[in-house]
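Worksheet: one structure, shown below.
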Amino acid sequence: MARMKFLCDSGRCIECNACVTACKNEHEVPWGMNRRRVVTLNDGEVGRERSISIACMHCTAAPCATVCPVGCFYQTADGVVLHDKDLCIGCGYCFYACPFGAPQFPQTTNYGSRGKMDKCTFCSGGPEEDMTPVEYQKYGANRLAEGKLPLCAEMCSTRALMAGDGAVLEDIYRERVVRRGYGTAAVGWETAYGPDGEGNTYEPVHPPVRS
Amino acid sequence: MLIKRSSAKPVRKTLSGHLASTITGSGIDRRSFLKGTCTAAGGLAAMEMLPGTVRKAEAGPMQPNVPVELRKNICTHCSVGCTVIAEVQNGVWVGQEPGWESPISQGTHCAKGASVREVVHGERRLKYPLKLVDGTWQRLSWEQAIDEIGDKLMEIRESSGPDSVFWLGSAKFSNEGSYLYRKLAAFWGTNNVDHQARICHSTTVAGVANTWGYGAMTNSYNDIQNSKCLVIVGGNPAEAHPVSMQHMLRGKEINQAPFIVIDPRFTRTAAHATEYVRIRPGTDIPVVWGILWHIFENGWEDKEYIQQRVYGMDQIREEVRRWTPEEVERVSGVPGEQLRRIAQTMVENRPATVIWCMGVTQHSVGTANVRALCVLQLALGNIGVAGGGANIYRGHCNVQGATDFGLDVSTLPSYYGLEEGAWQHWSRVWEVDYDWMVSRFASKKLMETKGIPTTRWFDAVLSDPEQIEQPDRLRAFVCFGHGGNTVTRMPEMVKGLADLDLLVIADPHPTTFASIPERRNGTYLLPACTQFETSGSRTCSNRSMQWGEKIVEPIFESKDDYEIIYRLAAKLGFAEEMFKNIAVEDSHPLPEDILREMNRGCLSTGYTGQSPERLKMHMRYQADFDKVSMRATRGPCEGEYYGLPWPCWGHPELRHPGSPNLYDTSVHVMEGGGTFRARFGVEREGQNLLAEGSYTVGSEIEDGYPEFTMAVLRKLGWEQDLTPEERRVIELIGGENIDDVSWQTDLSMGIIRVALKHGCLPYGNAKARAVAWNLPDPVPIHREPIYSPRPDLISEFPAIPDRRDYRLPQLGQSLQAAVAQRNLQEQFPMVLTSGRLVEYEGGGEETRSNRWLAELQQNMFAEINTEDAQRLGISHGQWVWVHGPEANSRARVRALVTNRIGPGTVFMPFHFSGYWQGESHRQYYPEGTDPIVLGEPCNAVTTYGYDPVTFMQETKVTLCRVEPA
Amino acid sequence: MRRHSHFFLLAPLLVALALLFAMPAAQAQYANEPRPDAPTAPDQVQIYNPDESRLVGSVTIPDQNLAVLVQPEGRDWRSFRRDYLPWIIGGLAIIVAVALLAFFLIRGKIRLHSGLSGRKVLRFNSIDRFAHWTIATSFLVLALTGLILTFGRPLLLPLIGNSAFTALAQAGMAIHNFFSIPFVVGLVLVVALWIKDNIPNRSDVAWVKTMGGMLSKDGGPHVKTGRFNAGQKGMFWSIVLGGLGLAVTGFLLMTPFAFTGIWGMQVIHIIHGVLAALLIAAIIGHIYIGTVGMEGAFDAMGNGQVDENWAREHHAAWYEEQVRKGYADSPPNMAQRPAGE
């Protein structure tokens, strides 16, 4: 089985936001919810400015899953971290724990719940049956089930953002770095997957059973 | 302990479901019916990833009886021409997939392209025709709208003549729409017809065409992958043409190519530069000459190339001599050492490509800027070489095509100009009597006089009619697909707008023009659909034509441009003549027929081989084209270049492959090779203007030669190669003077065919002109902007003397002197420049109405350097007033404190409007059509200043003052 | 004449370079030695140290929390939430409970030396009691629902299953949020009613020295205390300050990011958890002493009337004041103990 990962090559990312709107287009993500975003570092500093597209990194040992008080997260056989919106209580803990700010909530301030958490699904839906309307309504499109990869990466204007099997991504990135002679670690890679290949072995976590 | 799941209700209603129910009346969910068809293998390969890492689809389509249709169109935003693949169900656009097969975009998009589906959701589009009655919008039927508009136009024509109507077309038209609109203006009887090219790259077209023959990007986006050095001047492709950056960054990576960015602003493109040069806005020529100074000084120029293919380089040398490193630094602020490094880098990494955009063109010296860059490339021998070239990134999706098809005040389609010969040629193509054509105009003289350009239309409304070289001032303005906040001096523009008798806006959105409260009557809004709702071809910046297929029927009551133009022509009484060769079905002209007529007439640019059939074939077999060379390696298009980039000579049956790189002599002409165009005679002041010892591979004439006419054919003894039918047509055209029939007017295309047969370019083989003697500045020289921050330099580098052109007076030196005399730079101590954001485009009405894009940029802002902000007591995000030096203009915007912009300079994006001097104009939009995001237009504070050749407005440098609000 | 006359000079070099690249070993070498004009400035390395430092940039969208690119602190917060918080809360509560049990076993119920007099004196009027029970009930509810969120996943979820537990947690969270209102109301009332009697004074020192005589079986020398003794004052201030802290942090948690960023929220959450742990432990002690721990104590908050003897023994100064004011009868003879006691 492949271990799905994202990798954003800051040597290529131009902050065009294609990944952001592709995501909105594909999943009809409402205003104010940002499953994916582009962050610019060292804005305006000559030679140091870089941009990175970031979303849920589908971490190995995902912090969100650990802190969830109701245990609504699971990790698929492909390594994709998903959650069950029917179980989510909107407490917001996952956002505090997430190193990448991935979880999004429909309500910014609340009295009670922040609403069901929403985040990048690696275009692979949720616990509902694949490619059903109910799955689309809750989690968006399930491209993985269609044999496609996440649209953000598929549409990335400069092929900065890549999605797919982690080992393959690493090879591509390494080759790029060798070819062009610059580029260091991919941002967030180690935070999400641990050092060198650690994240390639993991135990899938089964979806919670709803009674 | 079972508790029923309570949250089974959808978290959010999907928009497609919502849309489906509003449009088709039945709820359809996008993914319910998706086929399991899998493009992942191709996708993965294109993403430089291996297939087999993705699970195959197991679940099939949910409702197999509702099929998904894939339709292919082209993104309607910038000129890169990304393929849009639409998934359509029951006539509803339900999803978008990457167009992996496109050789240009290879599946990718930018923020705009990835959200085009929202355009056709159309929540904020114009839904039906409207007219403004005493300040309120009233709905009316199409018939009534066309009737009322037509009657008013005829009334104006009666009392003031046809030149009192200004026809503004659009770079958002298809080629067919552009051509038809130009034809409409011609049949109406005026040359007052223009479009966005005036305000973005008119100076490029003028500068480049006057240097080597054609006004277009010489190479292609893909070809940049062959570059050994990239120089980007006054351009920010990372925001304006993001998808082009994939080719540029690949070139940078594969070739280890230096990436040099010259710009006053440290842009997102510059973030990827290996060398960034910050210049003072408006000093491009000193910087270019400063680079060339080092090249000449060290003898790095390509001497053989110059001797064979360039005219007048010695005069350039004279001018360049004064631009020593010290002098350049004094004027532009760029250290001499840095320019030496750049010169050396360009020399050591050949070929270098030079890429430029509006930072170069939108100046009162725009044409000269362009020409200086051309000369730089000529000196290095980089033109006509794969990996080299002058790569001008055009702005809108079809601005190249619209320019080519003559949406311009100074020419008929295909750059034939306005002379009698041009009108006769087109009268023959249109099969109308030339004399009838003349009778449509106020006079033969006005028929051959350049019209009023879009940068100055309001001056032609407000001026004393005595000052305008036409019978009366402008009284009506018919505007198709054009923003209202795109030209400088908006306070004047608003006055002009208020004074119009009639304003007609045909657009998917109401535009800024409709939201000006000064107008209370006589405005009509016609809902035009987008190119996704019709079919037709568009020309990308690299001259490739792509055929877009209709994705969905026009939404609401909107109609496509063809039909609106047809209805207007019918109302105005010349539809029969105008559509003689074009099939019209139920008021809808067939775009294929329009293209066929264009193929017949556009000989001079080689727009003849691109028949609708060939274009559709290319779209269908996109996968067969190589991703770098753009040449098909297999399939029915084998050997052809993608989109048949013009010139694509002769009849379609000739199967010319198109010309991927212009002026490339290393390739046979039938393989797309070319020479510099012999457009300016054969000799000047005793100097040979034809090429010397340079010719395309396989040419039977191994030297320079003039353009082909019957006389030349005869002289060469190639006359007998003409078929009897070709000869008959030539005789018909030439009459008495058959010798005068040239390749440009020979409708049989026989002369072209014969020239090609002998390996020659129909347009001749000449030298490029480093000196363009017909321009106001034959050798580009530095001139300070009108509103110069350096009045101490204006005596040395004065603006152009006051003059007249385009039926209007143009101020130059006198205004510059007055500005300096009033010491305006003390009251307005900052330099203001403007530019683009990736999320928005042009006037921004369409993109600011797209919620997926609008969310990303919710506020109009001005970028201010940290030092300046500190000095002025301005903090990040705070409201500030930006004051302009003309008409007490001011704009209230948010401060974006950043070092992207240099000290002393302010940057504002130009996409915003809907606020005016701090006041919202939201209530003036027709209900439900106001864009989501409104903001102050940056052009509210920009000022006077026009390029003498094209009347391009000077948006890129003026003065301003920033104060906390 | 060649266009690039120096090409021939370069050609051998280029061939050599090409050969070099053909060797795989050379690739690695090449990666380490980028050309001088390639943007491999060392500062890039500085940017990419996500494991060691947070990365904050800028975004164009309004939500500035999203300008934080990487915040490894999330993992620290996770470990607090996962590894420490349950032990702090549970551990403290257990320690206190065990200590009290031990105390009860050793010392037994604190009884009145003089037994019950049968005569009552009003200690807390209805407003006092309303305030107490408002804050008490809401605190209990808050604590219970809070504990569901903290301990539910390991303890309850395996028992009742995901759906049921989500429903419980969801309800618990809503209840937790809504009961913050009565809690704050109670808190305000309590402060208003009792703060003047809870200002520490000299007698408290003496009380603390002997721990109010609780430790000795015979009751020891009772200090003449006012309305509240030092222990009660401590409890008062614990509740007031702890409650205030919980209320403020709770409010901030209910309005996430309105006043602070991600790290602020993490800290606030930690404070809320730790305060809750402390207060829960304290309240366990309070409940003990108010019920099984001390004879006659519960009546104070039960019907508001305490036995005169209880008042005299525990709050002599206050009792005398009540007598002086005429709210209580003058002290009867100590011998008049009712039969059966």
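The values are calculated or read from the model by the stated rules, or taken from the named source; none is laboratory data. All values derive from a computational prediction rather than experimental measurement. Methodologically, a virtual Cβ is constructed for each residue, glycine included, from the backbone with ideal geometry; neighbour enumeration extends over all protein chains shown. The accessibility values were calculated without ligands, DNA or RNA, using every heavy atom of the protein model including side chains. Shrake-Rupley method; radii C 1.70, N 1.55, O 1.52, S 1.80 Å.
Applying the condition of being within 9 Å of chain A (Cβ to nearest Cβ) and among the aromatic types (Phe, Trp, Tyr) to the stretch C:156-203 and asking which residue is most open to solvent (accessible area, probe 1.4 Å) yields C:PHE178.
Here C:ILE270 fulfils each of the conditions (1) among the aliphatic types (A, V, I, L, M); (2) within 14 Å of chain A (Cβ to nearest Cβ); (3) over 16 Å from the mean Cα position of the chain (by Cα) apart from (3).
Using the structure shown, decide if A:PHE100 is among the hydrophobic types (A, V, I, L, M, F, W, C), more than 8 Å from chain B (Cβ to nearest Cβ) and touching a strand residue (DSSP E or B) at 6+ places or on another chain (Cβ under 6 Å). Spelling it out, A:PHE100 is indeed among the hydrophobic types (A, V, I, L, M, F, W, C), more than 8 Å from chain B (Cβ to nearest Cβ) and touching a strand residue (DSSP E or B) at 6+ places or on another chain (Cβ under 6 Å).
Of note, B:ILE392 does not satisfy the criterion of being in contact with a Lys or Arg (Cβ under 7 Å, 6 or more places away or on another chain) and touching a residue at least 60 places away in the same chain (Cβ under 8 Å). Restricting attention to the stretch B:76-122, the residues being of a type in the set (A, V, I, L, M, F, W, C), within 11 Å of another protein chain (Cβ to nearest Cβ), assigned to a loop (DSSP other than H, G, I, E, B) and crowded, with 24+ Cβ neighbours inside 10 Å number 5. Only residues that are outside any loop (DSSP other than H, G, I, E, B) and surrounded by fewer than 24 Cβ atoms within 10 Å (Cβ to Cβ) were counted across the stretch A:74-94, and they come to 3. Residues in the stretch A:115-123: is at least one within 7 Å of another protein chain (Cβ to nearest Cβ), open to solvent by less than 20 Å² (accessible area, probe 1.4 Å), modelled with pLDDT of 90 or more and assigned to a loop (DSSP other than H, G, I, E, B)? Within the stretch A:115-123, not a single residue is within 7 Å of another protein chain (Cβ to nearest Cβ), open to solvent by less than 20 Å² (accessible area, probe 1.4 Å), modelled with pLDDT of 90 or more and assigned to a loop (DSSP other than H, G, I, E, B).
So B:LYS627 clears everything in (1) open to solvent by 40 Å² or more (accessible area, probe 1.4 Å); (2) more than 30 Å from B:GLY122 (Cα to Cα); (3) touching a helix residue (DSSP H, G or I) at 6+ places or on another chain (Cβ under 6 Å) except one condition, right? Which one? Among (1) open to solvent by 40 Å² or more (accessible area, probe 1.4 Å); (2) more than 30 Å from B:GLY122 (Cα to Cα); (3) touching a helix residue (DSSP H, G or I) at 6+ places or on another chain (Cβ under 6 Å), B:LYS627 violates only (3). Is there a residue in the stretch A:71-78 that is in contact with a strand residue (DSSP E or B) (Cβ under 8 Å, 6 or more places away or on another chain), within 9 Å of chain B (Cβ to nearest Cβ) and either closer than 25 Å to C:PRO62 by Cα or among the charged types (D, E, K, R) (or both)? Yes: the stretch A:71-78 contains one or more residues that are in contact with a strand residue (DSSP E or B) (Cβ under 8 Å, 6 or more places away or on another chain), within 9 Å of chain B (Cβ to nearest Cβ) and either closer than 25 Å to C:PRO62 by Cα or among the charged types (D, E, K, R) (or both). Picking from residues in the stretch A:179-202 that are at pLDDT below 75 and over 30 Å from B:ALA257 (Cα atoms), the one that is nearest to the other protein chains (Cβ to nearest Cβ) is A:PRO195. Listed by position, the strands (runs of 3 or more DSSP E) enclosed by the stretch B:478-552 that each have at least 1 residues that are on the phi > 0 side of the Ramachandran plot are B:536-539. When each of B:GLU613, B:GLU553 is tested for being more than 23 Å from B:TRP436 (Cβ to Cβ), at pLDDT below 95 and not basic (Lys, Arg), the lone residue that passes is B:GLU553. Of the candidates A:ASP43, A:ASP84, the single residue that is charged (D, E, K, R) and either more than 9 Å from chain B (Cβ to nearest Cβ) or on the phi > 0 side of the Ramachandran plot (or both) is A:ASP84. Here C:GLY118 passes the criteria (1) open to solvent by less than 50 Å² (accessible area, probe 1.4 Å); (2) on the phi > 0 side of the Ramachandran plot except the one numbered (1). On the given criteria, is B:GLU275 over 22 Å from B:ASP792 (Cα atoms) and open to solvent by 10 Å² or more (accessible area, probe 1.4 Å)? Criteria met by B:GLU275. State the number of residues belonging to the stretch B:788-805 that are touching an Asp or Glu at 6+ places or on another chain (Cβ under 9 Å), part of a loop (DSSP other than H, G, I, E, B) and open to solvent by 10 Å² or more (accessible area, probe 1.4 Å). The total comes to 5. Tell me, yes or no, whether the stretch B:517-524 has at least one residue that is free of Cβ contacts under 8 Å to residues at least 12 places away in the same chain, farther than 21 Å from B:LEU572 by Cα and surrounded by fewer than 19 Cβ atoms within 10 Å (Cβ to Cβ). Checked against the condition, which is being free of Cβ contacts under 8 Å to residues at least 12 places away in the same chain, farther than 21 Å from B:LEU572 by Cα and surrounded by fewer than 19 Cβ atoms within 10 Å (Cβ to Cβ), the stretch B:517-524 yields no hits at all. Taking (1) assigned to a helix (DSSP H, G or I); (2) modelled with pLDDT of 95 or more in turn, B:ALA271 satisfies each apart from (2).
Residue count for the stretch A:138-175 satisfying the condition of being within 7 Å of another protein chain (Cβ to nearest Cβ), over 18 Å from the mean Cα position of the chain (by Cα) and part of a helix (DSSP H, G or I): 2. Kindly indicate whether any position in the stretch B:212-226 is under 20 Å from B:GLY388 (Cβ atoms), in a helix (DSSP H, G or I), at pLDDT below 95 and in contact with a Phe, Trp or Tyr (Cβ under 8 Å, 6 or more places away or on another chain). Checked the stretch B:212-226: at least one residue is under 20 Å from B:GLY388 (Cβ atoms), in a helix (DSSP H, G or I), at pLDDT below 95 and in contact with a Phe, Trp or Tyr (Cβ under 8 Å, 6 or more places away or on another chain).
Candidates in the stretch C:128-155 are the residues that are open to solvent by 70 Å² or more (accessible area, probe 1.4 Å) and within 14 Å of another protein chain (Cβ to nearest Cβ); of these, the one that is nearest to C:ALA300 (Cα to Cα) is C:LEU155. Of the residues making up the stretch A:1-47, those that are assigned to a loop (DSSP other than H, G, I, E, B), in contact with a helix residue (DSSP H, G or I) (Cβ under 7 Å, 6 or more places away or on another chain) and aliphatic (A, V, I, L, M) are A:ILE14, A:VAL29. The sole residue among B:ALA869, B:ALA891 that is open to solvent by less than 50 Å² (accessible area, probe 1.4 Å), without any contact (Cβ under 8 Å) to a residue 40 or more places away in the chain and not in a loop (DSSP other than H, G, I, E, B) is B:ALA869.
Where helices (runs of 4 or more DSSP H) fall entirely within the stretch B:335-421, those with at least 2 residues that are on the phi < 0 side of the Ramachandran plot and open to solvent by 10 Å² or more (accessible area, probe 1.4 Å) are at B:336-348, B:358-361.
Taken over the stretch B:234-274, the criterion of being touching a Cys at 6+ places or on another chain (Cβ under 9 Å) and polar (S, T, N, Q) is satisfied by B:ASN236, B:SER244, B:GLN246, B:ASN255.
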